[in-house]
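Let me begin by presenting the structure, written as structure tokens, before commenting on it.
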Amino acid sequence: MSDVRYWIGFNLVPRIGPVRVMALLSYFGDLERAWSADAASLRAAGLPQDALEQLLYHRSRLNLDAELAKVVDQGVTVHTLDSPDYPRMLKDIDYPPPVLYVRGDLLPADDWAVAIVGTRRATTYGKEVARQMAAGLAENGITVVSGLALGIDGVAHRTALEAGGRTIAVLGCGLDMVYPDRHRELAHQIVQSGALVSDYPLGTRPDAGNFPPRNRIISGLSLGTLVVEADMKSGALITLQFALDQGRETFAIPGSIHSRLSAGTNAMIRRGEAKLVTRLEDILEELNLTMVPQQSEVRAMVPETPIEQTLLSCITHEPLHLDEIVRRSGLPTATVSSTLCMMELKGMVRRVDNTSYVLAH
């Protein structure tokens, strides 16, 4: 695992995002070498001139020890792409954020997460539906992910907490500030039973341009995304589009044909881009989340084993026959069969017939 200071350093340099960080990591082997590399080596690694100039300028002025101290002083932890505690669901998307700033705790249980998003100008109908869905998810041991905005987001976070569940808020600014300000107390409560997350460095203000990109993290942390209310230009539909691009499940609550705030959700349903949801079970059944509390308990009691990791590398989202899993893994049939039974109890794989398996999520 590379020194976290260099991950923070590159995250502070404009024009160097996930694609360029991964290119540097691939070329140099670690980010410490990339940080101290000369201009010729950086060009050879594929860094274009504008990004190169930014890096040379900022690294001569940044004190990485001081930057790390700021993070520690704020009670923030840093999860990097090469660290074992980086969220597994998020790591699976294309070009995940290299650095996540976290206040609170991200837990293995957060692998079972569903995003609830929607308009800031929610109607009574939208708020009530968001409450029902968030409460039902939390009561089933599923983490609720959203963006801490006014309206549907705030209702989803607050309801998950009231139901005794976990919730994650993804911010479009640094974690040393809370936006909107009226959700400051809510943010404090979320830290106690979940986490505030951002890929923006400390000190980043909540600029309007920050929010659409952060939506990819909301969907990336989640098995599926539910939009409750959204007009045709709502940012919630951007989150839904990210979910589609990431191969995650998408859901929408239908609304009145006379309501502008349901125009976006109704359109997504009509185009087949989101599954219609009229009850919580529509989500639980589609995502195979009907047994999460039991699966979570089994996972806690029986940690993941090297054999399970081997089988996970063999199984995909396409049905794979037991004999083929045995062939790919090189393990005895009896070992594979018994391990798959335990993995099914943990919610890691799903049996689609008597002899074929797929990844559960």
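Let's see how each residue does on (1) surrounded by fewer than 17 Cβ atoms within 10 Å (Cβ to Cβ); (2) assigned to a helix (DSSP H, G or I); (3) touching a Lys or Arg at 6+ places or on another chain (Cβ under 9 Å); (4) β-branched (Val, Ile, Thr):
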| position | (1), (2), (3), (4) |
| --- | --- |
| 313 | yes, yes, yes, no |
| 316 | yes, no, no, yes |
| 325 | no, yes, no, yes |
| 338 | yes, yes, no, no |
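If I ask for residues that are in a helix (DSSP H, G or I) and either among the polar types (S, T, N, Q) or buried (at least 19 other Cβ atoms within 10 Å of the Cβ) (or both), which ones from the stretch 247-262 would you list? Within the stretch 247-262, 261, 262 qualify.
How many of the residues in the stretch 130-154 are buried (at least 23 other Cβ atoms within 10 Å of the Cβ), over 10 Å from residue 120 (Cα atoms) and among the charged types (D, E, K, R)? Number of matching residues: 0. Scoring residue 92 on the criteria (1) in contact with a helix residue (DSSP H, G or I) (Cβ under 6 Å, 6 or more places away or on another chain); (2) within 29 Å of residue 229 (Cα to Cα) leaves a single failure, condition (1). Among the residues making up the stretch 114-129, those that are of a type in the set (A, V, I, L, M, F, W, C) and under 21 Å from residue 212 (Cβ atoms) are 114, 115, 116, 117, 122.
Taken over the stretch 1-23, the criterion of being in a helix (DSSP H, G or I) and either of a type in the set (D, E, K, R) or surrounded by 15 or more Cβ atoms within 10 Å (Cβ to Cβ) (or both) is satisfied by 4, 5, 6, 7, 8, 9, 10, 11, 18, 20, 21, 23. Set side by side, the residues 41, 26 differ, and just one is of a type in the set (S, T, N, Q), in a helix (DSSP H, G or I), farther than 21 Å from residue 239 by Cβ and under 24 Å from the mean Cα position of the chain (by Cα), which is 26.
Applying the set (1) farther than 15 Å from residue 6 by Cα; (2) surrounded by 15 or more Cβ atoms within 10 Å (Cβ to Cβ); (3) of a type outside the set (Val, Ile, Thr) to residue 62 leaves exactly one unmet item: (1).
Computed from the coordinates by the stated procedures, all read-outs in this text should not be read as laboratory data. The structure displayed is predicted, hence computed values, not measured ones. Don't worry about glycine lacking a Cβ; one is built from the backbone with ideal geometry, like all the others, and counts go over all protein chains shown.
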